[in-house]
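Reading through the C-alpha cells given below for one structure.
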Amino acid sequence: MASINVTYSDITASYDLPDEIGVEVIIGTSEDCSIDLPDVEGLAEQHCCITLFEDGYAISDLGSGAGTFANEKPLENEYMTAGVTYRIGQATITFVPDEVAAPAPAAQPAGEQPASAQPQATAAPAKKAVKKTGKRPATGAKRPMRPASADRVRAAAATAAQNKKQQQINGVYVALVLIGAFYAGMALYSWQTTGNPLPIFLR
C-alpha cells in the first residue's frame, strides 16, 4: 500500500494512503481533515488533498494561500513521484509508492556478529491512521494531465505545420479570387463606358 511520510518539528509520521479510486485525503489544521496537523505553522485549515486516480496518486492545493510546493516549485495539481519533496507550510511530505518494499535481510556470513549485536538502523516513521472522510468531489480535486510523450509532441508539431501551410495556400486562393473579381469588374465598367472590355490601364 502506498503511503506518505510527513515531517514537521523533528517529528516524522507515516500515513497509509487509501487504495480506492476517488477517495481524497485532506491535509490541514482542521480536525475535520483526514490528516489534521494543528501544530504546523503556515498550514491552512484545508491545505491540500491527495487523490488516487487510475494513473496514480495526485496532490492538489486547495487554495491554501501559502501554496503547495514540489521541490520548492509551486504546484496546483500533479501526480506524486517518489524522491520529490512536497512542502506545505513548515511540513514536508515524501511519497512512498506501494511498489517499494522493505529489503530482505542479508545472509549472515560465518564469524560475524549476529544482527542483534550490530548497530540498529534508523527506526521507521511511526504509523498513524488516516481519518476516512469519504469521496469529496466538492473540494475540486481534478485529474492532472500527464506530460505529453515525445511522439505526441512531434505529431502535434507536424499537424501545426500542415495547418499553417494549408492556411497559406488558402490565402493565395483568396487573393487570386479577389484579383480576378477586380479585373472582371474593371472590364465590365470599361465595356459599358467605352465599348471596349479591356480596361484603360491595360490598353
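The values are calculated or read from the model by the stated rules, or taken from the named source; none is laboratory data. Since the model is a prediction, treat every value here as computed from it, not as a measurement. Note that each Cβ is placed from the backbone with ideal geometry, even for glycine, and that neighbours are counted across all protein chains shown. Side chains included, ligands, DNA and RNA excluded: accessible areas come from the protein's heavy atoms. Shrake-Rupley method; radii C 1.70, N 1.55, O 1.52, S 1.80 Å.
Assorted remarks:
- Residue 92 versus residue 166: modelled label distance in nm, points set 7 Å from Cα along the beta carbon direction: 5.1
- Potential lengthening between residue 10 and residue 159 on full extension [0.36 nm per residue; Cα-Cα distance subtracted]: 48.3 nm
- Label-point separation in nm, residue 173 to residue 194, each point 7 Å along Cα→Cβ: 3.5
- Residue-wise HN-Hα coupling along segment 170-177, computed from phi with Karplus coefficients 6.51, -1.76, 1.60 (Hz; x: Gly, Pro): 4, x, 5, 4, 5, 4, 5, 5
- For segment 156-200, the solvent-accessible area with a 1.4 angstrom probe is 81 square angstrom per residue.
- Shape annotation for segment 10-84: C-alpha extents along the principal axes are 32, 26, 25 Å, from largest to smallest.
- Total formal charge among the other residues, if their Cβ is under 9 angstrom from that of residue 1, Lys/Arg +1 and Asp/Glu -1: -3
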